[in-house]
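So the structure is just underneath, and the comments pick up after that.
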Amino acid sequence: MKSILAASAALVGAAVLLSACATTPPPPSTEMTRAKAAIEQAQRAGAREYSTEYLNASMAKMEMAEAASAKGDNARATRLVEESYADAHLAQISAQSAKSAKAAADVDKSIVTLQDEASRTTTP
């Protein structure tokens with residue numbers, strides 16, 4: 001009876017070890033490429049000027065992800081790459097929003113200037 005329990009315990013232990021090895025995620029190479037492209041898009045959208053914090057956070061997380069991947073910590077690398085992508089996307093959207101707000105403010109300023117000019121020319 002003890003030998004059956006010992007054999008069963010050994011089989012369960014082996015199964016646990018094998019399943020742990022089988023669940024190691026692969027390196028996030030595709031996700032890294034996508035996140036790096038998002039960082040580039042954010043930079044082209046003006047994130048360096050309008051959304052520096054999010055862009056810097058994205059780039060820092062990408063560096064940490066690359067280091068984690070090089071050490072074989074693919075689970076951490078994958079999580080950091082996903083965060084890097086999210087930060088880059090947020091930087092891009094924030095930059096576009098800030099540029100739109102600036103453009104709207106410039107239009108408002110132009111309208112006020114035109115109204116001032118129009119009122120001066122019609123006054124005798």
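The residue list Ala60, Ala70, Ala65, Ala37 contains one member that is under 24 Å from Thr24 (Cβ atoms) and surrounded by fewer than 17 Cβ atoms within 10 Å (Cβ to Cβ), which is Ala70. Suppose the filter is closer than 17 Å to Thr30 by Cβ, among the aliphatic types (A, V, I, L, M) and surrounded by fewer than 19 Cβ atoms within 10 Å (Cβ to Cβ); does Ala75 pass it? It is true that Ala75 is closer than 17 Å to Thr30 by Cβ, among the aliphatic types (A, V, I, L, M) and surrounded by fewer than 19 Cβ atoms within 10 Å (Cβ to Cβ). Pairing each residue of the stretch 47-66 that is without any contact (Cβ under 8 Å) to a residue 40 or more places away in the chain and over 13 Å from Leu90 (Cα atoms) with any residue that is open to solvent by 40 Å² or more (accessible area, probe 1.4 Å) and part of a helix (DSSP H, G or I), provided the two are 6+ apart or on different chains, yields C-beta distances under 7 Å for Lys61/Glu83; Met62/Lys36.
Evaluate the following for Ala42: is it on the phi < 0 side of the Ramachandran plot, crowded, with 19+ Cβ neighbours inside 10 Å and small (Gly, Ala, Ser)? When the stated conditions are applied, Ala42 passes them.
The values are calculated or read from the model by the stated rules, or taken from the named source; none is laboratory data. Note that this is a predicted model, so its numbers are computed, not measured. Glycine gets a Cβ as well: all are built from the backbone with ideal geometry, and neighbour counts include every protein chain shown. The protein model used for the area step is the full one, side chains on, heavy atoms only, and it has no ligands, DNA or RNA in it. Shrake-Rupley method; radii C 1.70, N 1.55, O 1.52, S 1.80 Å.
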